[in-house]
Amino acid sequence: MAIEVVPDWMVSLEDEDVIFIKRFLQASGSLKEIARQYDVTYPTVRLRLDRLIQKIQISDDISNAPYVALIKRLAVSDKIDFDTAKILISEYKKIGGDGCVH
């Protein structure tokens, strides 16, 4: 059975994330094997997996406003730092997400 509709959580992933997932599955979930394949340390692979999990969780959290989800994705992808992300999300929540101060 072919996938006719790609799930939202998968659409938001970058190509390298999908390749990582494929390798992870082919290695039967062995982080040691993935570390060997990528020629990196186990903690490096663990960190990458944790970030991938965070990306998927953000995509699955439909209660997040799109802006908050975007900020979280940027932080997980190291495009902005976590402290900046927290500030942006906090300020967004203060204005109620509609541009007006409450």
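Here are the numbers:
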{"item": "Degrees, to the nearest 10: 42-60 long Cα axis against longest axis of the chain", "result": "50"}
{"item": "CD proxy at 222 nm, helix term only [per DSSP H run n ≥ 4: -39500 (n - 2.57); per residue of the chain; nearest 500]", "result": "-20000 deg cm²/dmol"}
{"item": "List 47, 52, ordered by accessible area with a 1.4 Å probe, largest first", "result": "47, 52"}
{"item": "Heavy atoms of residue 11 accessible to a 1.4 Å probe, total area in Å² rounded to 10", "result": "100"}
{"item": "Residue-normalised accessible area of the chain, expressed per residue, 1.4 Å probe, Å²", "result": "72"}
{"item": "Dipole axis of the chain (+1 Lys, Arg; -1 Asp, Glu on Cβ), positive-most option in 80, 28, 12", "result": "28"}
{"item": "Area of residue 19 that stays accessible when all protein chains are in place (1.4 Å probe, Å², to 10)", "result": "100"}
{"item": "Spatially proximal aspartates and glutamates relative to residue 55 (Cα-Cα < 20 Å; intrachain offsets below 8 disregarded)", "result": "8, 14, 15, 16, 17, 78, 81, 83"}
{"item": "At most 15 other Cβ within 10 Å, DSSP loop - trypsin sites (Lys or Arg not before Pro), segment 62-91", "result": "79"}
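The values are calculated or read from the model by the stated rules, or taken from the named source; none is laboratory data. The model shown is predicted, which means the values in this text are computed figures rather than measured ones. With ideal geometry, Cβ positions are generated from the backbone for all residues, glycine too; neighbour counts draw on all protein chains shown. These area figures cover heavy atoms from the full protein model, side chains too; ligands, DNA and RNA do not enter into them. Shrake-Rupley method; radii C 1.70, N 1.55, O 1.52, S 1.80 Å.
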